[in-house]
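Scroll down for the structure; my scribbles are underneath it.
All of the numbers you see were taken from the coordinates with simple rules; none came from a lab. Note that the structure is a prediction, hence the values are computed from the model and not measured. With ideal geometry, Cβ positions are generated from the backbone for all residues, glycine too; neighbour counts draw on all protein chains shown.
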């Protein structure tokens, strides 16, 4: 039976762990030749080894445009085409409110999360195959504020605006671009270990406003990159277990 991404080439940034790792493995399971890119080359190589076959690993600093160009050039040199891109690399950092965020921290978060996404988009758009798809990871913090880390919230709000602003550039290539906005996810970014990938049909339902797994988010990325999502373009898809579905509970004023 044919698989969804048979004959396709996929590139995943931030692929050494978490959502990126889960997506890289699942793209490969669905037939793609996968390139795992990360600043942590050893981690990317470990994921590529876990995938096996023709999977490759590339070191990339997404905050540097030349690094992104080299990453894409390496894929094109080795595989000759690029059909699917998951721009997932990101940084949360250590922050505990506005007072803890200085200019250097703010600049670093913006450089990786927002400028890094811009760099990836600019490097990819000239070579993305007709019918291809790009998926970008933002965050639920790109939809609402996050007082604990204003730099992160600002960067992810920017990512959503950036993606929406690049739809026409990809449409001119016959490709699509969308963004996913995860809520709480059990990943190393949140201090939780990576876990084994399971059959998608065996993924558990996440309790209301609970933590999902990296694979829960990866499955949405795979769907957005697939032909089944051909009518979905320029959208920001929440994947948050209904975290943002309602107003936060508030204490109503008590009458006299």
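Applying the criterion of being touching a strand residue (DSSP E or B) at 6+ places or on another chain (Cβ under 9 Å) and within 17 Å of residue 16 (Cβ to Cβ) to the residues of segment 62-85, the residue that is surrounded by the fewest Cβ atoms within 10 Å (Cβ to Cβ) is 74. Quick one: in segment 125-149, which of the residues that are touching a residue at least 60 places away in the same chain (Cβ under 8 Å) and in a helix (DSSP H, G or I) is surrounded by the most Cβ atoms within 10 Å (Cβ to Cβ)? Selected residue: 142. When segment 71-81 is filtered for residues that are in a helix (DSSP H, G or I) and out of contact with any helix residue (DSSP H, G or I) (no Cβ under 9 Å at 6 or more places or on another chain), the ones remaining, listed by number, are 74, 75, 76, 77, 78, 79. Among the criteria (1) closer than 23 Å to residue 122 by Cα; (2) touching a helix residue (DSSP H, G or I) at 6+ places or on another chain (Cβ under 7 Å); (3) surrounded by fewer than 24 Cβ atoms within 10 Å (Cβ to Cβ), the one residue 159 does not fulfil is (3).
Scanning segment 183-199 for residues that are assigned to a loop (DSSP other than H, G, I, E, B), touching a helix residue (DSSP H, G or I) at 6+ places or on another chain (Cβ under 8 Å) and surrounded by 14 or more Cβ atoms within 10 Å (Cβ to Cβ) yields 183, 184, 187, 194, 197. What are the residues in segment 173-209 that are under 19 Å from the mean Cα position of the chain (by Cα) and under 30 Å from residue 126 (Cα atoms), if any? Scanning segment 173-209 gives 175, 176, 177, 178, 179, 180, 181, 182.
Based on this model, can you work out whether residue 248 counts as loosely packed, with under 14 Cβ neighbours inside 10 Å and in a loop (DSSP other than H, G, I, E, B)?
The answer is yes for residue 248.
Here residue 49 clears all of (1) under 30 Å from residue 198 (Cβ atoms); (2) free of Cβ contacts under 8 Å to residues at least 40 places away in the same chain; (3) in contact with a helix residue (DSSP H, G or I) (Cβ under 8 Å, 6 or more places away or on another chain); (4) surrounded by fewer than 23 Cβ atoms within 10 Å (Cβ to Cβ) except the condition numbered (3). Kindly establish whether residue 8 is touching a residue at least 12 places away in the same chain (Cβ under 8 Å), crowded, with 23+ Cβ neighbours inside 10 Å and more than 18 Å from the chain's Cα centre (by Cα). Considered against the rule, which asks whether it is touching a residue at least 12 places away in the same chain (Cβ under 8 Å), crowded, with 23+ Cβ neighbours inside 10 Å and more than 18 Å from the chain's Cα centre (by Cα), residue 8 comes out as yes. Residues in segment 11-43 that are more than 14 Å from the chain's Cα centre (by Cα), part of a loop (DSSP other than H, G, I, E, B) and surrounded by fewer than 24 Cβ atoms within 10 Å (Cβ to Cβ): 30, 31, 39, 40.
One line per residue, one yes/no per condition, for (1) over 28 Å from residue 101 (Cβ atoms); (2) in contact (Cβ under 8 Å) with a residue 24 or more places away in the chain; (3) assigned to a strand (DSSP E or B):
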| residue | (1), (2), (3) |
| --- | --- |
| 151 | no, yes, no |
| 174 | yes, yes, no |
| 177 | yes, yes, yes |
| 181 | no, yes, yes |
| 201 | yes, no, no |
| 206 | yes, yes, no |
| 217 | no, yes, no |
| 222 | yes, yes, no |
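Count of segment 224-235 residues, restricted to those that are surrounded by 15 or more Cβ atoms within 10 Å (Cβ to Cβ), outside any loop (DSSP other than H, G, I, E, B) and more than 12 Å from the chain's Cα centre (by Cα), is 1.
If the condition is being farther than 22 Å from residue 71 by Cβ and more than 15 Å from the chain's Cα centre (by Cα), then segment 125-160 contributes 143, 144, 145, 146, 147, 148, 149, 150, 151, 153, 154.
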